[in-house]
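These notes concern the structure reproduced below.
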Amino acid sequence: MEIVKVENLVKKYGKDENEVIAVNNVSFTVEKGEFVAIVGSSGSGKSTLLHLIGGVDRPTSGKVFINGKDIYSLKDDELAIFRRREVGLIYQFYNLIPILNVVENITLPLELDKIQIEKDKLDELLKVLGLENRKDHLPNQLSGGQQQRVAIGRSLICNPSVILADEPTGNLDSNASEEIIKLLKESNKKYNQTIIMITHNLEIAKMADRIIKIEDGKIV
Amino acid sequence: MKLLHKLTIKSLKLNKKRTIVTIIGIVLATALITSIATLVSSAYKSYCEYVRETDGNYHVKFNDVPTEEIKNIENKDSIENLFLTQKIGYSIYSKDNEQANIYFQILGFSENAMQELGIKLVEGRMPESENEIVISQNNLDIKENANFEIGKEVELNITNEEEADNNSETTTKNYKIVGIIDVTDENIEKDYMEENNITYSTIITTLSENTETYDVYVRYKNVINFIEETADILGVSQEEFNQLQGKTLEETSENLFFNKSNKYTYTINSLLTIMESGGFGYSVFFMIYAIATIVMIVIIISSVFCIRNSFSISITEKIKEYGMLSSIGATKKQIRQMVFYEAFILGIIAIPIGILLGTGLIYLFLKIGENLLSEYLYGIKFIFSINIWMIILSVVLSIITIYFSASKSAKKASQISPIEAIRNNENIDITNKTVKSSKIIKRMFGVGGDIAYKNLKRNKKRYRTTVISIVVSVSIFIGMSSFVNYVSKIQNSYYNDYQYNVLIRPSNYEEAKKAEDIIRRLGEKRYIVERVAYAYCINGEEHYSKDLKDIINDKEFNINPDSSIDIYSLGNEGYNDFIKELGLKYEDVKDKAILIDYKTGFVTLDGNEHYKLYRMYDYEEGDTLEIINVTQNDETLNIEIAEVTDKRLMNIVEYGDNFTSYIIVSDEMMDNLLYRDARCAVYINSDNDRELEEKLKNDYDFAYVGNIAETEREEKAKSLTITIFLYSFIVIFALIGITNIFNTITTSMELRQREFANLKAIGMTNKEFNHMIALESLFYILKSLVISIPIGIILSYIVYQVICTNIEMNYIFPIKEILIVIIILCILIGGIMKYSLNKTNKQNIIETIRKENI
Ligand SMILES: Nc1ncnc2c1ncn2[C@@H]1O[C@H](COP(=O)(O)OP(=O)(O)O)[C@@H](O)[C@H]1O
Ligand SMILES: [Mg+2]
């Protein structure tokens, strides 16, 4: 079953002489439960592509279907709600809300939907994330790896159609990196979670089911 | 240039928006301090100039100085300017109508005197020879009453006797009228003097050589040495002088006047002397200075706060950058230097702009104000004046503030460890306390409310800055508004609020009756036909009230009331209006008296002086007054008191500071009390005062027709000027407050852009987001109001206590100010938040997140 479908996606920045085509007519699909790694040199357009899939940016042309839905046909607010339910985003810098503690950060997407979290499910998730003893901590009281695990927890909490991770280990040491990848892999196996992940690290990329290589905004 | 300095400038240029916001903050704070300083010194200069123009530009006038002694005075170093006038004589002038006379004083003026004394040329020109004269129109309707025209020759019988009558020895002289003047100096000509149908007026000609004495007007170089110099000229020793010196300049003047050892009698131009010497030693001015000092301190504190705020925000935003620098090896000292260098650059740009802006704004304000209000200002000029010391003070204050803000930030910047600075992307102390009432909030306001509330609870510091800046602004605004309210109230209470405008003074009661007929025919409804009989109370002393006894016992005042009590009747219409206002019936009171014995003045209570309304007697309703009617051959009367009141119909009877009380009786009763004519007058409250005045003057032949409204308008102009200056204080305060709040909130919103973008990336809709921010604003407003309103009320009470120590006045609860503040605050914060929201909602989420990640 196709969960993500990208059709002739183009994203241009700037005008005339300064024009940069960050994503150049890209098309591909991702099946449910797939773990895809996107690799490519710096500035090749990986992040731009990922943001377009995640619905946080708007393409110059082309379409993105998630779960069969053309996400750019949605209005801003509909897209926001779609994002909160169907997409989990993870960045290199963890981008947690500084005033919310671990549990509050993780459950934020559910709160936005006014859904009551089942305690068992949360406890299990915290255990998987290894954050059982850090529930009440605020982001600035956590290590980088721990913060990234909170971000992963936040993206997993509402069983999104797809998790999009932009160099989730880019800012971590090798031990912490390994843990994060293990965690992603585990959720891929355990919950049959579709994951698209950008990485620089070929070792890490090899752990994925499929590798997509991007050069100058094109798939090669 | 050092590399780090270059870096500082580059980063200021790169963060253009932030740099500009900081500069604006400093500019505004500096501008506000300078504008207040300029406003104060301009108000002071304007008032001094006004006093100089109306009362004359001199400090003291020595009377009858022998010609040969003038040189001695003129040669003194301490004297800046000296000019002479001369009493030429007095003249009684009968116009065609036999009954009305004009009593002229004829003065000779030196050229200087014509310019520097309080006279204004209305028409024609000033006299250039001893045969030319100008006539004062102050008390005299020259054309109507006397038929004096420019160019006309008049023959005057001049006498040297002040108490001249028709039998005095006179010389005759012919004069040519060359101009008409307005005398504003009451030392030259008192306002409205009319007794026994004689009008007093002034004629001015040039100085003639052949006199033995002159009146010498002196202006000192340094008014501070006023008393010393004056004593010197009078030939009084220091010791004698100290004995003679009174508490106030007026008292001193009086003491010296009666002292035999001084060479000349003299008159002080007291208001100008007081104003120019800074008003010290004069209790009203002392109060104003005390308050002005408090005001200045308050302004300084709030401006300091404003600068500190905008500056520290700029620095904390750069913490990350400093962290990075220290990670590549910059020492703490170097970082501190960078912060100070930044402060230096910002200050050197912002302070001069602030000063120019502050003074420029006041200049414009005065120019525009003068143009817009010229109609109401009656010749009061707004003079723009910069006080250099005030400017220096504001510069120093700005520098000190920036320095302390910078050093605080520098310390913070240099102490933070590099990795913390880079990683800890939000430089805020966040406490992870469990937020209890969170559930209720969530149920009431949804997630948005929940997050907003947690923000308030956990991110204390960010909130504190905002809340403090609102609290400071709001409480100061409330306090200052009360201040202005009290001051303008006191100030307005100095002016009698006349409720009539046109005044007719008939020659006798018959003419008054005629006047009544005429005005009734002209359709006027509100008028009084007043008759007065002079009388005094037998055994009045036994009925003095406690307040009056206190005043009599107070040595300082040295007064001795004579129990005089005047009898007024108001005409049938007026009397009926009056008793209706008091809720009385004509039949009940027509043979009785209504007693008005209220006075305003200083009364000593528990050792403190209080300015209040008090009663002179302890007579009450039903008591019988025993009075002697002086006007009616000292006839003794017994009149029962029907009512005691402080009401005055159309305010014709003033409380005043003399010690006469009044009884008001019906016309019927007055007819019985008086066999012959008494002083009478007709007061009219007309809607078309100018037309009525014209008509009465042109078509009828009354002894005097005047329009009080004109005089009153002039008084109002003075009061208006002061009110304008006072309210511009309030505007400036409101501006400080608004700037402060605006600065704090926009910056705080700016700093949180990434947090907002994150919330949106997670899937918060614009609607939810706006809801959250709206609630956050609400929390800000509520929290700050809860703190600032009580503080504001306390401040306004302190202001009340300070201002009203000597004056009996009720505390006014500042409810109006509080409402204004709530409305302004809602509009302001709502507006700022909406503005920031629009900006945030338009921004590309991912770009915001990226930008902040470097
Ligand atoms: N907001 C932007 N404006 C202009 N150019 C941009 C912007 N964002 C990205 N680019 C350009 O698009 C290209 C792709 O960027 P990006 O997707 O971030 O690359 P990657 O993540 O593979 O390093 C780069 O050349 C970058 O300079
Ligand atoms: Mg990238």
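The values are calculated or read from the model by the stated rules, or taken from the named source; none is laboratory data. Bear in mind the structure is a predicted one, so any value in this text is a computation, not a measurement. Methodologically, a virtual Cβ is constructed for each residue, glycine included, from the backbone with ideal geometry; neighbour enumeration extends over all protein chains shown. Note: areas computed on protein heavy atoms with side chains; ligands, DNA, RNA excluded. Shrake-Rupley method; radii C 1.70, N 1.55, O 1.52, S 1.80 Å.
Calculated on the Cα set of chain A, radius of gyration then Dmax: 17.1, 56 Å. Ordering B:625-635, B:739-749 by mean Cβ neighbour count within 10 Å, with the highest value first, yields B:739-749, B:625-635.
Take each peptide in A:164-170, B:768-774, B:396-402, B:170-176, count the other Cβ atoms within 10 Å of every residue, and average; sorted highest first, the result is A:164-170, B:768-774, B:396-402, B:170-176.
Here the Karplus curve 6.51 cos²θ - 1.76 cosθ + 1.60, taken at θ = phi - 60°, turns the phi angles of the stretch B:537-542 into couplings of 8, 7, 6, x, 4, 6 Hz, with x standing for Gly and Pro. In loop segments of the stretch B:1-89 as defined by DSSP, the trypsin sites (Lys or Arg not before Pro) with at most 13 further C-beta atoms inside 10 Å of their C-beta are B:K2. Which of A:Q148, A:S174, A:L52 sits closest to the plus end of the dipole of chain A, meaning its Cα is farthest towards the positive end, when Lys and Arg get +1 and Asp and Glu get -1 on the C-beta? Result: A:L52, furthest along the dipole toward the positive end. Residues of the stretch A:52-74 whose accessible area, computed with a 1.4 Å probe over protein heavy atoms, drops by at least 20 Å² once all protein chains are present relative to their chain alone are A:V56, A:D57. For the stretch B:516-592, the solvent-accessible area works out to 54 Å² per residue, with a probe of 1.4 Å and every protein chain left in place.
Taking the Cβ of B:T172 as the centre, find all other residues whose Cβ is under 13 Å away and add up their charges (Lys, Arg: +1; Asp, Glu: -1). Don't jump to the answer; show the numbers that get you there.
Numbers: positive: B:K173; negative: B:E153, B:E155, B:E169.
Every neighbour counted, the sum reads -2.
For the stretch A:122-165 and the stretch B:169-183, compute the distance between their C-alpha centroids and round to whole Å. After rounding, the separation between the Cα centres reads 104 Å.
Cross-link partners for B:K412 among the lysines, with Cα-Cα distance under 22 Å and sequence neighbours closer than 8 places in the same chain left out: B:K6, B:K10, B:K318, B:K320, B:K332, B:K333, B:K460, B:K461. Placing +1 on the Cβ of every Lys and Arg and -1 on the Cβ of every Asp and Glu, with nothing else charged, gives the stretch A:2-219 a dipole about its Cα centre of roughly 280 debye. Interface residues of the stretch A:98-134, defined as those losing at least 20 Å² of solvent-accessible heavy-atom surface relative to the isolated chain (probe radius 1.4 Å), are listed as A:P98, A:I99, A:L100, A:E104, A:L108, A:E111, A:L112, A:K114. Computed on protein heavy atoms with a 1.4 Å probe, the accessible areas place B:H59, B:H543 in the order B:H543, B:H59, largest first.
In straight-distance terms, cross-link reach from A:K218 covers every one of the lysines whose alpha-carbon lies under 19 Å from its own, apart from those fewer than eight places away in the same chain; here that gives A:K5, A:K11, A:K12, A:K46, A:K63. Chains B and A together bury roughly 3000 Å² of accessible surface, counting both sides and using a 1.4 Å probe on protein heavy atoms. Considering only beta bridges that DSSP places wholly inside the stretch A:2-219, some 50 percent are antiparallel. For the stretch A:2-219, the relative contact order works out to 32 percent when only alpha carbon pairs closer than 8 Å and six or more residues apart are counted.
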